[in-house]
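Structure, as structure tokens:
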Amino acid sequence: MLKYSLKRLGQSVITLFIVITIVFLLMRLMPEEGYFGQGYEKLDPIQRETILKNLGLRDPIYVQLGRFYRDLIRGNLGVSIVYRPRVPVAEILKAKIPYSLYFGLGAITLSLLAGISLGILMARSKGKFWDRIGTGYVVFINAVPAAVYYLFLQLYVTNILKLPILFKENNPVSWILPLVSMSLGSTASYAMWMRRYMVDELNKDYILLARAKGLSNKTIMVRHVFRNAFVPMAQYLPMSILLVIAGSIYIESLYSIPGMGGLLVDAIQRQDNPLVQALVLIYSSLSIAGLFIGDILMAIFDPRIKLENHGGAR
Amino acid sequence: MHSISREMEEKYINQHPILSAKDVVIKFNLRGHTLTAIREASLDLYEGESLAIVGESGSGKSVFVKSFMGLLDKNGWVDSGTINYKGYDLGKFKTEKEWLRIRGKEIAMVFQDPMTALNPLKTIGKQILEAVELHQGLRGQEAKNTVLEILRDVGISNPMVRYNQYPHEFSGGMRQRVVIAISIACSPRILICDEPTTALDVTIQAQIIQLLKNLQKKYKLTIIYITHDLGVVAKVADRIGVMYAGDIVEIGTSEEVFYNPQHPYTWALLSSLPQLGIKGEPLYSIKGTPPNLFNEIRGDAFAPRNPRALKIDFELRPPYFSVSPTHRAKTWLLDPRAPKVEPPEAIKKLREQWGSECCGK
């Protein structure tokens, strides 16, 4: 188990390393105009060169990369160059992370609870009313672009339920809609997969044996079906994190939540390299951590996942 | 009459059946059509015996016995007839609560494919323990000890280690032993073995059959074997029921059915055994296909495939005719008014063998 975990951890770190390297290089491919912001027209070529040189952008790319890693290992994320010049990136993020964290964790918890409950409900009433309603919901979420129902929620539901249209930190009611919006996508996928795995398990032979043994349907559901269906669900944890991140980027600006989501779009547009790199580092760490946790959970619950490489017992 | 069969007769003649199915009709609803899978089949099961039900795929063997445990698929139901067991009519059982009195505790089942019959995410110890706790009312260490004893009984060595292992750590034959252990752990009176050896290779088959025989003695089980493997039948069965198109067309002691078959379907079935083939001639096979169960069947269901069918076979369904107190068959050939029909060569040879054995004694 430990060996497997360490191996997976090593793989995760390598993946993270590759992702940030790629992002770092991509940022260097963008046109240089971005670095000067509004004042671009007023600067002459010599001034521009000086600025770029001071930013370290005229050094060979491997020197820049080396410097970036060196700083990163020391815990130094660099300073913002355009967004808020010369302010350390860490400081900018410190103010924003809590909001994104609360909303992110809230949305993941909410979608996990709602999605799995809905999935169980659908599996139990397969082909009947609740299953149809649930399927309708899943199809809707997957077919309609997220922005449409986000806007719909903000414009109409706020009106109907008399909820505030924008986020205000000390008004707990204003947290509801952003949270719900963020969790809609992953709720749908949790429900769909939970239903699917439950139905799969219910059709397996061992359920028949369990019934022949004299176990009640309720016991079979709890002790056999639910647990077995839950194991493959672990692999959807990272996906749900990604969905929530993607949702947060849009939703945070929609409800003017001062979180990280809006910041990423801003930073990319204005070519604030250190800020983008830091944000990408955070987001990709989160998704890779999700993958890692998902795999570890699977290995804990499913004894068939071989932890070491000594061939199967088949 | 033959001496061995007389012994058999005495064994059965004064006994009351522990389970008695009478005129059972089972229907299924399939895409809006109704299919009659079991057509007024009757069966008596006696304490301590091994009864084999043979028949080709789709003849309704599994469906028939599954109805004794309420394990029919959701779209199937017992339409009429009675299944008497301990004063209950199982045919009338509807709710889960009623069935929980029977399942496991009274009747348990061993399934065909041991590779999929076990929950892959639970240790086999836990899976057997579940049955022990539920039906023997034991808890804690006592229950665990019982599990270990059962594991030993089904021939699993090193039970202490095996207890904590998962199904994927077992081979096919070993898994079937575990499935058998689970059904034994319920301490049932009747054990239904639904093709217990079909999914296993031949050497393992013999072991499993021997195991079931041993367990039958030790736990005083009444066993119903469902199979289409006549080799298995010959090894284990006291009595044989031959099933065709949802009905038991012939039933008798193992010897009677093997050496003195009466129903043309039994003739055809035995004639297709390679052991009875005549050297140099192509092996016999039954022409045609079983009837479509969506349609109502008139007369004898086997008549269209039977080259020796009488005219009445197409008109009227034959009742049971008794050959001996333990042997009866549903065929008009046994009616006193029926013309004399010669059975196939292979069957004649079987009867001769039976006769000579008899005279040799």
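Pairs of C-alpha atoms in the range A:1-118 farther apart than 24 Å represent 52 percent of all such pairs. Using the Karplus relation 6.51 cos²θ - 1.76 cosθ + 1.60 with θ = phi - 60°, the per-residue 3J(HN,Hα) values for the range B:265-276 come to 5, 4, 4, 5, 4, 5, 5, 7, 5, x, 4, 9 Hz, with x marking Gly and Pro. For B:D247, the residues 5 or more places off, or on other chains, whose built amide H falls under 5 Å of its own are B:R39.
Taking other C-beta atoms within 10 angstrom as a stand-in for reagent exposure, B:T266, A:T158 fall in the order A:T158, B:T266, fewest first. Each of A:I293, A:I61 has some number of other Cβ atoms within 10 Å of its Cβ, and from fewest to most they run A:I61, A:I293. Of the residues A:A95, B:H327, A:T50, the one whose Cα sits farthest towards the positive end of the charge dipole of the protein assembly as shown is A:A95 (charges of +1 on Lys and Arg Cβ, -1 on Asp and Glu Cβ, taken about the Cα centre). Annotation: amide H-H contacts under 5 Å for B:Y46 (H modelled 1.01 Å from N, sequence separation of 5 or more, or interchain): B:I18. Listing A:S186, B:S57, A:S253, A:S174 from fewest to most neighbouring C-beta atoms within 10 Å gives B:S57, A:S253, A:S174, A:S186.
Against the longest alpha carbon principal axis of chain B, how many degrees, from 0 to 90 and to the nearest 10, is the axis of helix B:202-219 turned? Here the helix axis deviates by roughly 80 degrees.
The H on the amide N of A:S80, modeled in the peptide plane, is under 5 Å from the matching H of A:R86, A:V87, A:V89, each at least 5 residues off or on a different chain.
What's log10 of I(q)/I(0) for the protein assembly as shown at q = 0.05, 0.12 Å⁻¹, Debye sum over Cα points only, no solvent? So the normalised log intensities work out to -0.41, -1.25.
Loop-located trypsin sites (Lys or Arg not before Pro) across the range B:209-293 with a Cβ neighbour count of 16 or fewer within 10 Å are B:K220, B:K279, B:K287, with loop assigned by DSSP. With loop membership from DSSP and a limit of 15 other Cβ atoms within 10 Å, the longest segment of chain A without GluC sites (Glu not before Pro) is A:1-168.
For the range B:327-339, the Karplus equation 6.51 cos²θ - 1.76 cosθ + 1.60, evaluated at θ = phi - 60°, returns couplings of 10, 8, 8, 9, 8, 5, 4, 8, 5, x, 7, 5, x Hz by residue, with Gly and Pro reported as x.
When the alpha carbon gyration tensor of the range A:198-276 is reduced to an equivalent ellipsoid, the three semi-axes, largest first, read 48, 12, 8 Å. Summing Cβ point charges (Lys, Arg +1; Asp, Glu -1) relative to the Cα centre of the protein assembly as shown gives a dipole of roughly 980 debye. The trypsin sites (Lys or Arg not before Pro) of the range A:1-63 that DSSP puts in a loop, and whose beta carbon has at most 16 other beta carbons within 10 Å, are A:R58. Centre-to-centre separation between the Cα atoms of the range B:229-305 and those of the range B:39-82: 17 Å.
Springs join every pair of Cα atoms under 10 Å in this Gaussian network model of chain A, and among A:K213, A:K204, A:K94 the largest mean-square fluctuation is at A:K213.
Shown here for the range B:88-154: trypsin sites (Lys or Arg not before Pro) in loop regions (DSSP other than H, G, I, E, B) with at most 10 other Cβ atoms within 10 Å, namely B:K94. Helix A:129-143 and the long axis of chain A differ in direction by around 20°, with both axes built from C-alpha atoms. Note on chain B: GNM, Cα springs under 10 Å; of B:S254, B:S80, B:S59, the largest mean-square fluctuation is that of B:S80. The phi torsions of the range B:84-98, fed into the Karplus equation with coefficients 6.51, -1.76 and 1.60 and a -60° offset, translate into couplings of 8, 8, 6, x, 8, 9, 5, x, 8, 5, 10, 7, 4, 4, 5 Hz, rounded to whole numbers, with Gly and Pro shown as x.
Counting, for every residue in B:94-107, the Cβ atoms of other protein chains within 10 Å of its Cβ and taking the mean gives 2.
Readers should treat all values here as calculations from the given coordinates under stated rules, not as data from a laboratory. Here the structure is a predicted model, which means the values were calculated and not measured. All Cβ positions, even for glycine, are placed from backbone atoms using ideal geometry, and neighbour counts span all protein chains on display.
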